[in-house]
Amino acid sequence: MPAIHADDGVRLHYEESGDAAGRPVVLLAGFKAAATSWRHQVPALERAGYRVLSVDLRGHGAAERPAAGVDMARRGLDIRDALAALDVTGAVLVGGSMGASSIWSYLGQEGSERVAAVVSVDQTPKMLNTAGWPYGFYGYTEQNVDTYFAAGIPQTGHGTPMLRRGMRLVRLLQAMKGGERELTPGELTLLNDHARADWRPVIAATKVPVLFVAGAESEFWPSAHAAASAALAPRGSSAVIVRDGHAANIEQPTAFNAGLLGFLAQLR
């Protein structure tokens, strides 16, 4: 089973496919999701001639799962260590949910020397709603910042109910099969660190092209976060996928893949 190690010895995991000489596309899943959740993107990227690297950071999929000590800064360093171990340059980093925030953590610490572009999949750069940023997690405000994520991810009442999503739900269940729902104390600590972060300054300093994708029916935040985030980036663009939830690449893979491949084609 392919494995690489972070600088502190923790074992990470990756799967590689596609054209070894093609541009590297690095896929990073969201909170508690495995790299296998990109199952609908990998074949499309392979056919288009890319080198596809699906990476499990610590705590994900087949990677090692430390009981504690994982925060957003460490996740950024895991990306650094994975790119270095795999000798990746000119990469397009594609992150879903917390995977996108992990990319901003990496860029904020290490810069974009190895990176050609970024794709953020339904992740607002600031989850806390404030007067100047109304695109955060539904119901998460300065009044409840210390308690809102204390026990897990709250139900917001937004988005299409799961049982009414049809094939969207089927694809979601298949992609997340085998995932553990209960959160450990270490995962709760990570979740709260994630929720408190503000990546807008990193986005404003990112000079490579960035595509922000939103699900029109995201359970977590208004889809307008994509356009607002793109406005922060020197080379930002945005897209909203209709009839799509937070797991935008899973629920509507055909539309997502078309947008992703179109963005990648512009880099050539």
Quiz item: Regarding G95, is this residue touching a residue at least 24 places away in the same chain (Cβ under 8 Å) and open to solvent by 10 Å² or more (accessible area, probe 1.4 Å)?
Solution: no
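Among A195, A226, A239, which is over 23 Å from E110 (Cα atoms) and either over 17 Å from the mean Cα position of the chain (by Cα) or not in a strand (DSSP E or B) (or both)? Reasoning before the result, please.
Details: A195 fails: over 23 Å from E110 (Cα atoms); A239 fails: either over 17 Å from the mean Cα position of the chain (by Cα) or not in a strand (DSSP E or B) (or both).
A226 is the lone residue from the list that is over 23 Å from E110 (Cα atoms) and either over 17 Å from the mean Cα position of the chain (by Cα) or not in a strand (DSSP E or B) (or both).
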Practice problem: Could you check A233 against (1) under 25 Å from P154 (Cβ atoms); (2) open to solvent by less than 50 Å² (accessible area, probe 1.4 Å); (3) at pLDDT 95 or above and say which number it fails? | Solution: (1)
Quiz item: Can you tell which of A33, A62, A67, A84 is at negative phi, of a type outside the set (S, T, Y), open to solvent by 50 Å² or more (accessible area, probe 1.4 Å) and modelled with pLDDT under 95?
Solution: A67
Self-check item: Residue count, region 128-170 (criterion: surrounded by 15 or more Cβ atoms within 10 Å (Cβ to Cβ) and of a type in the set (K, R))
Solution: 2
Quiz item: From the list E182, E217, which residue is of a type in the set (D, E), buried (at least 18 other Cβ atoms within 10 Å of the Cβ) and without any contact (Cβ under 8 Å) to a residue 60 or more places away in the chain?
Solution: E217
Self-check item: Boolean, A247 is crowded, with 21+ Cβ neighbours inside 10 Å and closer than 19 Å to A34 by Cβ
Solution: yes
Quiz item: Do we find a residue being without any contact (Cβ under 8 Å) to a residue 40 or more places away in the chain and surrounded by 16 or more Cβ atoms within 10 Å (Cβ to Cβ) anywhere in region 192-207?
Solution: no
Quiz item: Looking only at residues in region 20-30 that are in contact with a helix residue (DSSP H, G or I) (Cβ under 8 Å, 6 or more places away or on another chain) and either among the basic types (K, R) or not in a strand (DSSP E or B) (or both), which one is surrounded by the fewest Cβ atoms within 10 Å (Cβ to Cβ)?
Solution: R23
Practice problem: Hey, can you tell me all the residues within region 250-268 that are more than 22 Å from P24 (Cβ to Cβ), surrounded by 17 or more Cβ atoms within 10 Å (Cβ to Cβ) and of a type in the set (S, T, N, Q)? | Solution: Q252
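Table: residues versus (1) at pLDDT 95 or above; (2) farther than 24 Å from A239 by Cβ; (3) not hydrophobic (A, V, I, L, M, F, W, C).
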site: A100; (1), (2), (3): yes, no, no
site: T124; (1), (2), (3): yes, no, yes
site: L128; (1), (2), (3): yes, yes, no
site: F137; (1), (2), (3): yes, no, no
site: V145; (1), (2), (3): yes, yes, no
site: G152; (1), (2), (3): no, yes, yes
Exercise. From H40, H5, grab the single residue that is touching a residue at least 40 places away in the same chain (Cβ under 8 Å) and touching a Pro at 6+ places or on another chain (Cβ under 6 Å).
Key: H40
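Could you tell me which of the residues A228, A248 is modelled with pLDDT of 95 or more and closer than 28 Å to R74 by Cα?
Selected residue: A228, the only one of A228, A248 that is modelled with pLDDT of 95 or more and closer than 28 Å to R74 by Cα.
The values are calculated or read from the model by the stated rules, or taken from the named source; none is laboratory data. Here the structure is a predicted model, which is why all the values come from computation and not from measurement. Counting neighbours? That spans all protein chains shown, and the Cβs are built from the backbone with ideal geometry, glycine included. Each accessible area value is taken on the protein alone, full model and side chains, heavy atoms only, with ligands, DNA and RNA left out. Shrake-Rupley method; radii C 1.70, N 1.55, O 1.52, S 1.80 Å.
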